[in-house]
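A quick write-up on the structure given underneath.
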Amino acid sequence: MQSQERSPTEFLNNVIGRPVLVKLNSGVDYRGILSCLDGYMNIALEQTEEWVNGQLKNKYGDAFIRGNNGIKSIL
Amino acid sequence: MTEETHTAPVEPAAVEEPLDLVRLSLDERIYVKLRGDRELRGKLHAYDGHLNMVLSEVEETITVVEINEETYEEVIRTQKKTSEMLFVRGDGVILVSPPVRTG
């Protein structure tokens with residue numbers, strides 16, 4: 001990872017357009033390309049895959065994830 | 001008109017913030033995943049920043065997983081409801097997607 005990142009926001013801006021893993025508190029994971037996010041941590045993903053217990057449950061072309069769902073990590 | 005051929009994408013003003021994705025779905029049928037294993041499919045008429053939404057011609061799918069106490073088998077039961085017009089409070093929303101390619 002680049003060393004010029006100084007804040008979480010800068011990190012997230014650098015991740016836009018890259019594949020990410022979004023984990024919700026409910027245990028559901030979303031994998032997709034990060035299109036954008038906002039101050040509430042609402043997230044827009046492309047080519048989204050929904051994974052539950054290691055199983056692929058669903059695919060969405062575009063997906064909006066509401067920021068309050070306890071996003072644990074973005075990898 | 002002079003030639004101003006900047007390569008404008010087909011999408012108008014594209015997606016710059018996540019809510020743009022919802023804005024582009026206005027008057028389209030969308031898929032909404034809600035807390036409590038509920039899903040909605042309906043036409044989006046209005047929304048706000050809380051993700052409160054007004055949907056019409058809505059099909060709601062409620063999934064209940066029951067465990068048979070004798071066999072410990074999981075029984076997945078789905079229940080469907082339809083509504084002509086529905087107001088959705090935004091705090092229950094997990095995910096919103098245009099319904100294309102939604103299985």
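The values are calculated or read from the model by the stated rules, or taken from the named source; none is laboratory data. Not measured: the values here are computed from a predicted model. Quick reminder, even Gly has a Cβ in these numbers, built from the backbone with ideal geometry, and neighbours come from all protein chains shown. Just the protein is used for accessible areas: all its heavy atoms, side chains included, with ligands, DNA and RNA removed. Shrake-Rupley method; radii C 1.70, N 1.55, O 1.52, S 1.80 Å.
For region B:78-87, 3J(HN,Hα) computed residue by residue from phi via the Karplus equation (6.51, -1.76, 1.60; θ = phi - 60°) reads 10, 10, 10, 10, 10, 9, 5, 8, 9, 9 Hz, glycine and proline entered as x.
Across 5 Å bins from 0, what is the distribution of all Cα-Cα pair distances for region A:8-74, in whole percents? All Cα pairs considered, the percentages come to 4, 19, 31, 29, 13, 4, 0. With each label modelled as a point 7 angstrom along the Cα→C-beta vector, the A:ARG6-B:HIS50 pair spans 3.8 nm. Surface composition of region B:21-88: carbon plus sulfur atoms hold 47% of the accessible area, using a 1.4 angstrom probe and ignoring ligands, DNA and RNA. Here's the picture: a label point sits 7 Å out from the Cα of B:ASP37 along the beta-carbon direction, and within region B:72-100 the residues with their amide nitrogen under 19 Å of it are B:72-82, B:92-95. For region B:46-77 versus region A:23-40, the spacing of their alpha-carbon centroids is 20 Å.
Compute for chains A and B the buried accessible surface, both sides summed, probe 1.4 Å, and express it in Å² to the nearest 100.
Summed over both sides, the interface buries about 1700 Å².
Residues of region B:51-86 whose accessible area (probe 1.4 Å, heavy atoms of protein chains only) drops by at least 20 Å² once all protein chains are present, relative to their chain alone: B:LEU51. Accessible surface for region A:8-74, divided over its residues, is 49 Å² per residue with a 1.4 Å probe. Rolling a 1.4 Å probe over the protein heavy atoms of region A:8-74, with every protein chain left in place, gives an accessible area that is 48 percent carbon and sulfur.
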